[in-house]
1. Residue pairs, Cβ under 6 Å, 6 or more apart or interchain, first in region 36-49 and over 28 Å from Arg339 (Cβ atoms), second away from ligand 2 (no atom under 15 Å from the Cβ) and assigned to a loop (DSSP other than H, G, I, E, B). List them.
2. List, please: which pairs have Cβ atoms under 6 Å, are six or more places apart or on different chains, and start with a residue in region 77-106 that is on the phi < 0 side of the Ramachandran plot and touching a residue at least 60 places away in the same chain (Cβ under 8 Å) and end with one that is among the aromatic types (Phe, Trp, Tyr) and surrounded by fewer than 21 Cβ atoms within 10 Å (Cβ to Cβ)?
3. Any idea which residue in region 314-332 is farthest from ligand 1 (Cβ to nearest atom), counting only those that are assigned to a loop (DSSP other than H, G, I, E, B) and modelled with pLDDT under 95?
4. Go through region 88-103 and count every residue that is touching a helix residue (DSSP H, G or I) at 6+ places or on another chain (Cβ under 7 Å) and within 16 Å of ligand 2 (Cβ to nearest atom).
5. Which is more than 18 Å from the chain's Cα centre (by Cα) and closer than 23 Å to Arg201 by Cα, of Ile13, Ile35?
6. Mind telling me which of the residues Gly141, Gly132 ends up being more than 24 Å from Ile35 (Cβ to Cβ) and touching a Phe, Trp or Tyr at 6+ places or on another chain (Cβ under 7 Å)?
7. Would you check if Leu153 is away from ligand 2 (no atom under 16 Å from the Cβ), under 19 Å from the mean Cα position of the chain (by Cα) and under 30 Å from Asp20 (Cβ atoms)?
8. Check region 348-360 and report whether any residue there is within 19 Å of Leu297 (Cα to Cα) and surrounded by 15 or more Cβ atoms within 10 Å (Cβ to Cβ).
Amino acid sequence: MKFSDYPISNLIIEQLESMDFRKPTDIQFKSIKHILEGEDVMAVAQTGTGKTAAFAIPVIDRIEKRKRKGYKGVRCLVMVPTRELAKQIGSVFTEIGKRTSVKSYGLFGGTDQEQQIRTLKNGVDVLVTTPGRMFDLISQGHLDVSQLEVLVLDEADLMLDLGFNKDIKDVMKHIPKNRQTLFFSATISKKIKSLAYDVVRDAIRIQISPKNPVAQNIDHAVAFIQMDDKRFFLENILKEYPENMFIVFARTKVRVERIVAAMERVGVKTEALHGGIEQKDRFAILDRFRAGENRVLITTDVAARGIDIPSMDYVINYDLPDDSENYVHRCGRTGRGNRRGQALSFCSDSEKKLLEDIEEYTGEEIEHYEIDPNDYSEIMKDIEDPTYNWQRLIDQANKERGKDEEW
Ligand code: ADP
Ligand code: MG
């Protein structure tokens, strides 16, 4: 199947070609045809499998083909859980729709509201924003969704976790009942199912690899490292791979700041990203990271969801997440699209229970690297010493499993 086999506008097909999207991913293949036919869809597919384009392509096609002369109201609303995602997904819509007349806009808080309202007044077809922001705009009378055609909820389960439940339901009251509703998520919990059934009727359900939500093109490994030693191991691996991009997850904001300071002391440049940093700085930090001006981002679970930086080589779980589901979302920051990625977790004695929970949740055992006690003490003694090589260990283990040809 090629994109050109779909009955979609040539303006979209040409743009997809120039973005190097050659053929649809699994989730795109399974959902685009239903969305084009106007059906409601509830889709669950692993991280990094192209869910955004799975809904953006048919939505843009619909809006492009069914022009409504003189109508300037929003025709498609996309709700996302974070501002970072509003920005990112807004730009995916803009890019895919670049050659069409469809206007898309990612709207997020923390920036000039007057400007945002002006943009809305001038006419926006696809609006991407958080439920809270959307509700504010509707209640202030700046956003009219009474003629909405399509409603998309992306990362729907996190929106519920963040307590957006009420906002979503309030927004829903203003939207026509005969709209098309699309649900997309990487994980699905019982809670989200009940919300989903409130808003979508007779939806086509698409679930890809439901048993294991972790993307298949990520290699996972866990190393047993004492809590106080973690920073030396991090230093070691960051120095070992000066060309690679890393996202490092730690448990708290304070720990993130400490890691950044510890890396600075040993001459490794990193940047922190967490909820305690002002929004405009958060965008700037992510932009620098995307542009490759910084290659190591140390963060909390604030960046675990949805963020798409295709060139990410490694995810490091400096601390294991308390919630197993977050393991899946964190690791999903690498191995985007068709690329391979690597996820390495540092597990201290006190985190072994969390590791068990994660393995139970994903249904797969994570490759355990027994670190030779000599190697371990070498790292502790002289962390400049390059004898300790993660890549070599990972390669070796993969070879033993006969997996290396997949790389
Ligand atoms: P998800 O929402 O499933 O986590 P995204 O929609 O963010 O994933 O897409 C992950 C990456 O895959 C992005 O970098 C995107 O540009 C790329 N991608 C999506 N669809 C295709 C395709 N058909 N061909 C090539 N790359 C794709
Ligand atoms: Mg996504």
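1. Every condition considered, the pairs that remain are Asp40/Val200; Asp40/Ala203.
2. Arg83/Phe108; Lys87/Phe108
3. Ranking the qualifying residues of region 314-332, first place goes to Asp322.
4. 4
5. Values: Ile13 fails: closer than 23 Å to Arg201 by Cα.
None of the other options fit; the residue is Ile35.
6. Working: Gly141 fails: touching a Phe, Trp or Tyr at 6+ places or on another chain (Cβ under 7 Å).
Matching residue, one of Gly141, Gly132: Gly132.
7. Values: away from ligand 2 (no atom under 16 Å from the Cβ): no; under 19 Å from the mean Cα position of the chain (by Cα): yes; under 30 Å from Asp20 (Cβ atoms): yes.
Judged against the criteria, Leu153 is not a match.
8. Step one: filter region 348-360 for residues within 19 Å of Leu297 (Cα to Cα), giving none.
No.
The values are calculated or read from the model by the stated rules, or taken from the named source; none is laboratory data. Quick caveat: nothing in here was measured; it's all calculated off a predicted structure. Cβ: placed from backbone, ideal geometry, glycine included. Neighbour counts: every protein chain shown.
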